[in-house]
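A short worksheet on the structure shown next.
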Amino acid sequence: MRALKQAIWVVILFLLIAGVALVLLTLARSRPQDVPWTPLDLGQPIGAFTGRKLAGLGEDFGQCQALLTRAGVRYDRLAPVTRQDQCGYSNGVRFMPGGARTIGFSPALGTACPVAAGLALWEWNIVQPEGQKHFGSRVARIEHFGSYSCRRMYGRSSGDWSEHARANAVDIAAFVLADGRRISVLNDWEGEGEKPAFLRAVRDGACRLFATVLSPEYNAAHRDHLHLDQAARGEMGWRACR
Ligand SMILES: [Zn+2]
């Protein structure tokens with residue numbers, strides 16, 4: 001009798017494990033962007049683990065470049081910047097016109113590859129759809145304050161180094177629509193209407209793609225830009241969306 005009970009429990013346990021495995025495998029096949037172990041593909045919709053996979057690209061320049069190329073993004077590799085301190089990078093790319101991306105950056109933008117991959121996904125999945133939704137127009141250009149800058153956080157003389165010190169961040173200042181309208185973080189963040197709604201939507205969308213997103217809601221230092229970076233904090237590291 002006791003052996004029978006034990007056998008029944010073993011069967012139940014086996015069925016439970018098989019059931020869970022089946023659910024996970026089905027999920028991995030139908031929505032690979034929502035499970036942590038599938039490889040990143042920039043052609044997939046944004047999923048629960050897309051942001052972590054992007055930040056996890058880190059210094060794997062080869063894999064990151066392959067992802068951009070496969071997604072049809074045109075880019076140039078930047079010459080490595082090597083220094084004795086915490087600054088510099090060896091995984092920089094500069095967006096080139098044409099290809100699968102249609103938004104121009106003003107001025108021309110070079111960043112660490114994981115930031116570039118995040119920006120491509122942001123354009124396709126967030127910025128252009130939100131532009132259509134709020135203005136019925138394509139976003140033609142993004143104005144920014146740059147990426148690489150050898151400095152500590154907030155330009156202080158001590159403390160943690162900024163992700164900008166490794167080109168692993170970008171500061172987004174404004175969006176220019178195909179019809180010429182301009183939406184800037186400095187002028188249009190506050191208030192009601194389509195422009196503030198658009199800015200909040202692209203900020204929220206960026207939080208699904210970047211390890212750190214800081215907006216005017218965070219502090220006065222960010223009143224005129226959205227800071228986006230791909231800080232590597234490990235598979236389960238914290239993410240900031242402020
Ligand atoms: Zn920044």
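The values are calculated or read from the model by the stated rules, or taken from the named source; none is laboratory data. Nothing here was measured: the structure is a model prediction, and the numbers come from that model. When we count neighbours, we look across all protein chains shown, and the Cβ atoms used for this are built from the backbone with ideal geometry, even at glycine. Protein only, heavy atoms only, side chains kept; ligands, DNA and RNA dropped before computing areas. Shrake-Rupley method; radii C 1.70, N 1.55, O 1.52, S 1.80 Å.
Our estimate of slack between Arg94 and Ala48, defined as 0.36 nm per intervening residue step minus the Cα-Cα distance, is 13.8 nm.
Here the scattering of region 162-233 is modelled by Debye summation over its C-alpha atoms, one equal scatterer each and no solvent; at q = 0.18, 0.22, 0.27 Å⁻¹ the log10 of I(q)/I(0) is -0.69, -0.97, -1.28. Bridgeable lysines around Lys195 (alpha carbons under 26 Å apart, same-chain partners fewer than 8 residues away excluded): Lys133. Projecting label points 7 angstrom from Cα along Cα→Cβ for Thr102 and Lys133 puts them 1.8 nm apart. The solvent-accessible area of Tyr218, taken with every protein chain present and a 1.4 Å probe, is close to 80 Å².
Solvent-free Debye calculation, one equal scatterer per alpha-carbon of the chain: log10 I(q)/I(0) at 0.09, 0.14 Å⁻¹ equals -0.43, -0.91. Probing with 1.4 Å while keeping every protein chain in the model, the per residue accessible area of region 140-194 equals 51 Å². Split the accessible area of the chain by element, probe 1.4 Å, and carbon with sulfur accounts for 56%. Taking R0 as 25 Å, what FRET efficiency do you get between Ala79 and Ser149 from their Cβ-Cβ distance, rounded to the nearest 0.05? Plugging the Cβ-Cβ distance into 1/(1 + (r/R0)^6) gives 0.90. Spin-label model, Leu4/Ser158: points 7 Å from Cα along the beta carbon direction are separated by 7.6 nm. Using a 1.4 Å probe, what is the accessible area per residue for region 1-110, in Å²? Counting only protein heavy atoms, the per-residue value for region 1-110 is 63 Å².
Once Rh is set to the Kirkwood radius over Cα pairs, what Stokes-Einstein translational diffusion coefficient, in µm²/s, holds for region 61-197 at a temperature of 25 °C and a viscosity of 0.890 mPa s?
For the chosen part, D equals 153 µm²/s.
Helices meeting the span-like rule in the chain (full DSSP H runs, Cα extent of at least 24 Å along the helix axis, mean Kyte-Doolittle score of 1.6 or higher): 2-30.
Each residue was assigned an accessible area with a 1.4 Å probe, and for Arg223 the value is about 140 Å². Heavy-atom accessible surface of Asp60, to the nearest 10 Å², is about 70 Å², with a 1.4 Å probe and all protein chains retained. With contacts taken as Cα pairs under 8 Å at a separation of at least 6 residues, the chain carries a relative contact order of 17 percent. Shape class for region 1-71: prolate, because the ratio a/c of the largest to smallest gyration tensor axis (alpha-carbon atoms, square roots of eigenvalues) is 1.5 or more and a/b beats b/c.
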